[in-house]
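Novice: Attaching a single structure in structure tokens format; questions to follow.
The values are calculated or read from the model by the stated rules, or taken from the named source; none is laboratory data. Predicted model, so just to flag it, every value in this text is computed and none were measured. Because the Cβ atoms are built from the backbone with ideal geometry, glycine has one as well, and the counts that use them run over all protein chains shown. These accessible areas exclude ligands, DNA and RNA; they are computed on the full protein's heavy atoms, side chains included. Shrake-Rupley method; radii C 1.70, N 1.55, O 1.52, S 1.80 Å.
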Amino acid sequence: MDVDLLVIGLGYVGMPLAREAAFSGLRVGGYDLNSGVVARLNAGRSHVGDVPDADVREMVARGFRATSREEDLLQPETVVICVPTPLSAECTPDLTAVRAAAALAGRLLQPGMLVVLESTTYPGTTDEVIRPLLEQASGLTVGSDFHLAFSPERIDPGNKVYGLRNTPKVVGGQTPACADVAVRFYGKLCDEVVRAKTAREAEMAKLLENTYRHVNIALVNEMAVFCHELGVDLRAAIQCAATKPFGFQAFYPGPGVGGHCIPIDPNYLSYKVRTLGYPFRFVELAQEINARMPTYVADRAAELLNSNAMALNGADVLLLGVTYKKDIADQRESPAGPLARKLLGRGAVLSYHDPYVPQWRIGGTLVPRAEELEADVGRADLVILLQDHSVYDLDALTQRARLILDTRGRISSPNASVL
């Protein structure tokens with residue numbers, strides 16, 4: 001596979017990159033350990049919601065091929081690493097996939113090649129982890145023999161306005177010469193390329209973006225708890241505050257945070273700070289507040305049922321929307337999972353509906369799916385709106401429901417209580 005670009009990791013970050021490169025006229029190859037994903041892609045079928053089958057078929061027609069066999073990989077001009085960076089059981093960064101991808105890139109490395117890490121990680125990873133692996137595997141030296149850079153992914157699943165092409169692309173090189181080459185490469189794919197001082201600043205930029213959101217979401221989530229006790233409509237207060245044309249950005253409370261970025265990425269920064277000998281208290285407090293929101297939602301559910309002469313134990317509770325974000329199928333780190341475990345632990349009889357999730361399991365147990373949505377809403381003792389997917393006719397569902405706990409602030413009705 002002799003290509004201009006090899007993308008290692010064909011997930012929600014790697015596939016949009018491969019598509020944009022292929023559509024820009026580059027010869028593109030992909031590598032993924034999942035042989036099933038590889039087979040589907042080569043047959044023109046997508047596994048990523050933001051990349052439809054038609055786009056994959058067009059990519060294949062333009063020469064794109066995926067493989068899970070290292071022996072199929074020849075000599076790419078550029079390698080971009082887009083593999084997952086989860087947390088370990090000890091909530092420390094798990095760079096297993098990153099190290100494996102870097103070792104693979106090192107075995108492919110030839111003079112003049114560019115290697116870019118896009119996987120989110122802590123500042124210093126490009127220099128302290130990726131560079132040594134590449135140099136050791138190849139015998140080449142960064143900056144003189146090959147080029148190395150970090151460019152944080154900014155993929156927003158389900159976003160119909162901003163994609164790879166029209167979202168400014170931050171690029172930080174290991175050396176100035178590395179940055180020059182990386183900026184030229186991304187200039188073929190993105191309308192605007194922002195050059196960071198070094199790779200470390202580019203790594204920090206990604207964590208700063210997500211930590212900013214994490215902390216501000218935690219702020220309004222904590223305010224939601226005491227505003228309920230004070231009898232204050234927090235969402236109405238936020239709408240008033242948002243009329244200020246400077247110095248304020250609106251964030252809204254919810255049942256918790258999900259996806260990879262918000263609940264996981266800030267922990268990478270917290271980990272790096274702890275290696276310096278002190279905690280990153282903002283991140284750790286935000287994590288604590290956001291992680292307890294499913295418990296608070298369960299408490300509010302019990303309170304709402306109790307105020308209507310019912311107990312949570314034995315109540316029929318229907319969850320609407322179990323993905324982490326509106327109008328997508330992604331369930332990574334969705335707060336629906338922890339909430340469901342809390343409700344089941346308190347004796348609720350649980351069911352769910354989500355147009356993007358045909359089956360849903362909690363702890364290995366299959367949760368019944370509401371197949372007749374309006375009828376099932378009418379039968380439930382309590383409906384909890386977790387994700388306001390666009391396909392939901394909330395007015396119609398509200399008319400059917402006995403009680404609703406609205407965690408998204410979308411429903412105004414006497415039978416609805418807003419988080």
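Novice: Among the residues of segment 146-178 satisfying the criterion of being open to solvent by 30 Å² or more (accessible area, probe 1.4 Å) and of a type in the set (S, T, N, Q), which is nearest to Val194 (Cα to Cα)?
Specialist: Asn166
Novice: Does Asp2 satisfy the criteria of being open to solvent by 40 Å² or more (accessible area, probe 1.4 Å), over 14 Å from Cys82 (Cβ atoms) and under 24 Å from the mean Cα position of the chain (by Cα)?
Specialist: It is false that Asp2 is open to solvent by 40 Å² or more (accessible area, probe 1.4 Å), over 14 Å from Cys82 (Cβ atoms) and under 24 Å from the mean Cα position of the chain (by Cα).
Novice: For segment 73-89, enumerate the residues that are modelled with pLDDT under 90 and more than 20 Å from Val129 (Cα to Cα).
Specialist: Leu74, Gln75, Ala89
Novice: With respect to Thr126, is the statement that it is of a type in the set (Ser, Thr, Tyr), closer than 20 Å to Val13 by Cβ, without any contact (Cβ under 8 Å) to a residue 60 or more places away in the chain and surrounded by 17 or more Cβ atoms within 10 Å (Cβ to Cβ) true? Don't jump to the end; show me each part of the working.
Specialist: Values: of a type in the set (Ser, Thr, Tyr): yes; closer than 20 Å to Val13 by Cβ: yes; without any contact (Cβ under 8 Å) to a residue 60 or more places away in the chain: no; surrounded by 17 or more Cβ atoms within 10 Å (Cβ to Cβ): yes.
No: the conditions fail for Thr126.
Novice: With the condition kept exactly as written, say whether any residue in segment 99-118 is in contact (Cβ under 8 Å) with a residue 24 or more places away in the chain, closer than 21 Å to His47 by Cβ and buried (at least 22 other Cβ atoms within 10 Å of the Cβ).
Specialist: There is at least one residue in segment 99-118 that is in contact (Cβ under 8 Å) with a residue 24 or more places away in the chain, closer than 21 Å to His47 by Cβ and buried (at least 22 other Cβ atoms within 10 Å of the Cβ).
Novice: Same structure again: When the residues of segment 150-178 are filtered to those that are more than 18 Å from Glu201 (Cβ to Cβ) and of a type in the set (A, V, I, L, M), which remaining residue is farthest from the chain's Cα centre (by Cα)?
Specialist: Across segment 150-178, the extreme among qualifying residues is Val161.
Novice: Can you name every residue in segment 303-330 that is without any contact (Cβ under 8 Å) to a residue 40 or more places away in the chain and of a type in the set (S, T, N, Q)?
Specialist: Of all residues in segment 303-330, those without any contact (Cβ under 8 Å) to a residue 40 or more places away in the chain come to 303, 306-307, 309, 311-314.
If the condition is that a residue be without any contact (Cβ under 8 Å) to a residue 40 or more places away in the chain and of a type in the set (S, T, N, Q), then Asn306, Ser307, Asn313 are the ones that fit.
Novice: For the list (1) surrounded by 19 or more Cβ atoms within 10 Å (Cβ to Cβ); (2) under 25 Å from the mean Cα position of the chain (by Cα); (3) modelled with pLDDT of 95 or more, I need the number of the one condition that Val181 fails.
Specialist: (2)
Novice: Could you tell me whether segment 274-283 includes any residue that is of a type in the set (S, T, N, Q) and touching a residue at least 60 places away in the same chain (Cβ under 8 Å)?
Specialist: no
Novice: When you scan segment 132-141, do you find a residue that is within 25 Å of the chain's Cα centre (by Cα), surrounded by 14 or more Cβ atoms within 10 Å (Cβ to Cβ) and within 29 Å of Val273 (Cβ to Cβ), even just one? Steps first, please.
Specialist: First, pick out the residues of segment 132-141 that are within 25 Å of the chain's Cα centre (by Cα): none.
Looking through segment 132-141, none of the residues is within 25 Å of the chain's Cα centre (by Cα), surrounded by 14 or more Cβ atoms within 10 Å (Cβ to Cβ) and within 29 Å of Val273 (Cβ to Cβ).
Novice: Name, by its number, the condition in (1) more than 30 Å from Leu148 (Cα to Cα); (2) open to solvent by 30 Å² or more (accessible area, probe 1.4 Å); (3) assigned to a loop (DSSP other than H, G, I, E, B) that does not hold for Glu229.
Specialist: Answer for Glu229: the failing condition is (3).
Novice: Can you name every residue in segment 27-83 that is assigned to a loop (DSSP other than H, G, I, E, B), surrounded by 17 or more Cβ atoms within 10 Å (Cβ to Cβ) and touching a Phe, Trp or Tyr at 6+ places or on another chain (Cβ under 8 Å)?
Specialist: Once the filter is applied, which keeps residues that are assigned to a loop (DSSP other than H, G, I, E, B), surrounded by 17 or more Cβ atoms within 10 Å (Cβ to Cβ) and touching a Phe, Trp or Tyr at 6+ places or on another chain (Cβ under 8 Å), segment 27-83 yields Val48, Asp50, Leu73.
Novice: Of the residues Ala199, Ala205, which single one is surrounded by 21 or more Cβ atoms within 10 Å (Cβ to Cβ), over 29 Å from Leu386 (Cα atoms) and within 24 Å of the chain's Cα centre (by Cα)?
Specialist: Ala199
Novice: Here's a check for you: in segment 324-338, which residue that is part of a loop (DSSP other than H, G, I, E, B) and closer than 17 Å to Ser351 by Cβ is least open to solvent (accessible area, probe 1.4 Å)?
Specialist: Residues of segment 324-338 part of a loop (DSSP other than H, G, I, E, B): 324-335.
When the remaining residues are screened for being closer than 17 Å to Ser351 by Cβ, the result is 331, 334.
Details: Gln331: 77, Ser334: 13 Å².
Once the filter is applied, the top-ranked residue is Ser334.
Novice: Which members of segment 367-419 meet the condition of being among the basic types (Lys, Arg), open to solvent by 80 Å² or more (accessible area, probe 1.4 Å) and over 20 Å from Pro255 (Cα atoms)?
Specialist: Across segment 367-419, the qualifying residues are Arg379, Arg400, Arg402.
Novice: On to the next question. State the number of residues belonging to segment 339-382 that are touching a residue at least 40 places away in the same chain (Cβ under 8 Å), more than 26 Å from the chain's Cα centre (by Cα) and not in a loop (DSSP other than H, G, I, E, B).
Specialist: Number satisfying all stated conditions: 4.
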